Amino acid sequence: MAMSINADDCTACGACESECPSKAIRFKGAAYVIDPKKCTECQGTADAPQCDEVCPSGAIAKAA
Amino acid sequence: MSSPIISLASLTTSPAPRRKGGCAATGCGSSTRPADIDPAVWEMIKDHPCYSEEAHHYFARMHVAVAPACNIQCNYCNRKYDCSNESRPGVVSERLTPEEAFRKVVAVAAAVPELSVLGIAGPGDALANWKNTRATFEAVRKAIPDIKFCLSTNGLALPDHVDEIADMAIDHVTITINAVDPEVGAKIYPWIFYDHKRRTGLEAATILLERQMRGLEMLTARGILVKINSVMIPGINDDHLAEVNRAVRARGAFLHNVMPLISDPAHGTHFGLTGQRGPTPAELTALQDRLDGGIKLMRHCRQCRADAIGLLGEDRGQEFTMEKLPETVTYDPAPRQAYRDFVAAERGDRGAARDDALRSVEAVADDVRLLVAVATKGGARVNEHFGHAREFQVFEAGPKGIALIGHRKVDAYCMGGFGEDATLGPTIAALDGIDTVLCAKVGDCPREALVAAGITVTDAYAYDYIETAVGKLYAERFGLTAVFA
Ligand code: SF4
Ligand code: SF4
């Protein structure tokens, strides 16, 4: 249970990183990535995944 | 009827005599302060190219792109878009960490003594990236104590940061306000991210507009100068901007800058893709004229890139990309100080020249107007070669005074070394309605092409102050003897 970032759509703006309550998002190499071990899908802290709510590029979806 | 930005009355009033060797009186350095501007405000804006039409001839700004994230979506913005040939707000090629930005500012201050202002304007929102914005300003303040800071924001996060903005001596803030009515706002902002939630429609617009107004009030209550930017979107907010103008004026905004929507399907913005057009230059000028009775409008705005460097109208950003910067930098205040001394002398001189110029246009009784395009590379002088000009500043001379009313961008047609006539067509189109072009030098070929299009071009006033040149031209044209020595 985790979200993930589609690198093709991500513009590396970093908005998701500062909103993530679980500190699951990091800038790695050339793109932002979500650590699936840390991601809680924001359950218990917010109504909806904060990264997806803030992302302007629609780059975030449930990990397959 | 609109009044010129530099009103005749404000300029013909003699400035307070300069006191020798002392700065106690307001006269110091303010010999060109228009009389309708409060001395305390003039101190804050006189070296700021974006706030003072006078300063934009002398001083340079730089923007550092340390703020990539945004907390709202606008229909005229596509966050994926990035093109180094573009010159639009919110579009930028080089994103920096605060440490990189610090190195860049110090390197630029050493090479560009005109530098007076550091701005953070995106490519996202300066306040949605507050940690980066604050870290950058703090580091630079330590090294260069006298530099001015400004930032641009959509206003959503503004009320949360006003106290820190005041504490950090950021004395200029720009808020982009495109509407004061949520019904209008909802057509411009598809969503905002606020209080841990994405909000859309009227709810989004209502929250945003309320936060913008509150932030504006909080800033002006603390004596911070606030400029409002509005994007003019025909059919959506063009008629509404008069109401925006009234609302922001009532809350103490200092300047209102109306910018044209730049819309192109290739940009991939919502407006671009749905065929929303931008205003024509005539529509923009008509709206600016209509609002002129309100707070001062800024007609010299160039919609700079978020990493622009240099005088307004020029961008030296490519000279200072990260890979060209040294690993370590130390700040030397000497070049900037020397430049300031030079400007202080030039300003006194120019102020006197301008008074003379204005007397000569004042002497013409009839309401005859002259539109003059000037090729300049700064210093308020006619000092650029026609073929090298990338833009012309447009001045209107009439019995009410001489006013900068805008600028026209062109492609410098002789960059290749030959006079490629092929590109003169667009230049002539850009100069539509202009009576005379003043420049430092012009070749026979372009001169003849312009004459054929009904535009006079002359280098007779090369290196004069712009107002002096325009004043002389006006006096000669309308059969007066100019009052110049
Ligand atoms: S869903 Fe929540 S916890 Fe997971 S990465 Fe996004 S913001 Fe972080
Ligand atoms: S908010 Fe979206 S575009 Fe921005 S860094 Fe995160 S995934 Fe990428």
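The values are calculated or read from the model by the stated rules, or taken from the named source; none is laboratory data. In this text the structure is predicted, and so the values were computed from the model without any measurement. Note that we place each Cβ from the backbone using ideal geometry, even for glycine, and neighbour counts take in every protein chain shown.
Worth pointing out:
- Within segment A:34-64, the residues that satisfy the criterion of being surrounded by 13 or more Cβ atoms within 10 Å (Cβ to Cβ) and within 9 Å of ligand 2 (Cβ to nearest atom) are A:ILE34, A:CYS51, A:ASP52, A:VAL54, A:CYS55, A:PRO56, A:SER57, A:ALA59, A:ILE60.
- Looking only at residues in segment A:36-46 that are in contact with a helix residue (DSSP H, G or I) (Cβ under 9 Å, 6 or more places away or on another chain) and within 14 Å of chain B (Cβ to nearest Cβ), the one that is nearest to ligand 1 (Cβ to nearest atom) is A:CYS42.
- Scan of segment B:128-159 for residues that are within 14 Å of chain A (Cβ to nearest Cβ) and either in a helix (DSSP H, G or I) or touching a His at 6+ places or on another chain (Cβ under 6 Å) (or both), ordered by number: B:TRP130, B:LYS131, B:ASN132, B:THR133, B:ARG134, B:ALA135
- Scanning segment B:297-311 for residues that are outside any helix (DSSP H, G or I) and either modelled with pLDDT of 70 or more or exposed (fewer than 14 other Cβ atoms within 10 Å of the Cβ) (or both) turns up nothing.
- Some residue of segment B:171-178 being closer than 26 Å to B:ILE262 by Cβ, within 13 Å of chain A (Cβ to nearest Cβ) and polar (S, T, N, Q): no
- Among all positions in segment A:16-35, there is no residue which is within 9 Å of chain B (Cβ to nearest Cβ) and of a type in the set (Val, Ile, Thr).
- Among the residues of segment A:1-11, just one is assigned to a loop (DSSP other than H, G, I, E, B), more than 9 Å from ligand 2 (Cβ to nearest atom) and within 11 Å of the chain's Cα centre (by Cα), namely A:ALA2.
- All positions within segment A:1-33 that are farther than 20 Å from B:LYS131 by Cβ and among the aliphatic types (A, V, I, L, M): A:MET1, A:ALA2, A:MET3, A:ILE5, A:ALA7, A:ALA30, A:ALA31, A:VAL33
- Reported count of residues in segment A:10-35, each being touching a residue at least 24 places away in the same chain (Cβ under 8 Å), away from ligand 1 (no atom under 11 Å from the Cβ) and in contact with a Lys or Arg (Cβ under 8 Å, 6 or more places away or on another chain), is 2.
- For segment A:47-64, the set of residues classified as under 27 Å from B:CYS77 (Cα atoms) and either more than 7 Å from ligand 1 (Cβ to nearest atom) or hydrophobic (A, V, I, L, M, F, W, C) (or both) consists of A:ALA48, A:CYS51, A:GLU53, A:VAL54, A:CYS55, A:PRO56, A:SER57, A:GLY58, A:ALA59, A:ILE60, A:ALA61, A:LYS62, listed by residue number.
- Among (1) surrounded by fewer than 19 Cβ atoms within 10 Å (Cβ to Cβ); (2) away from every other protein chain (no Cβ under 14 Å) - the single one B:VAL184 does not satisfy: (1)
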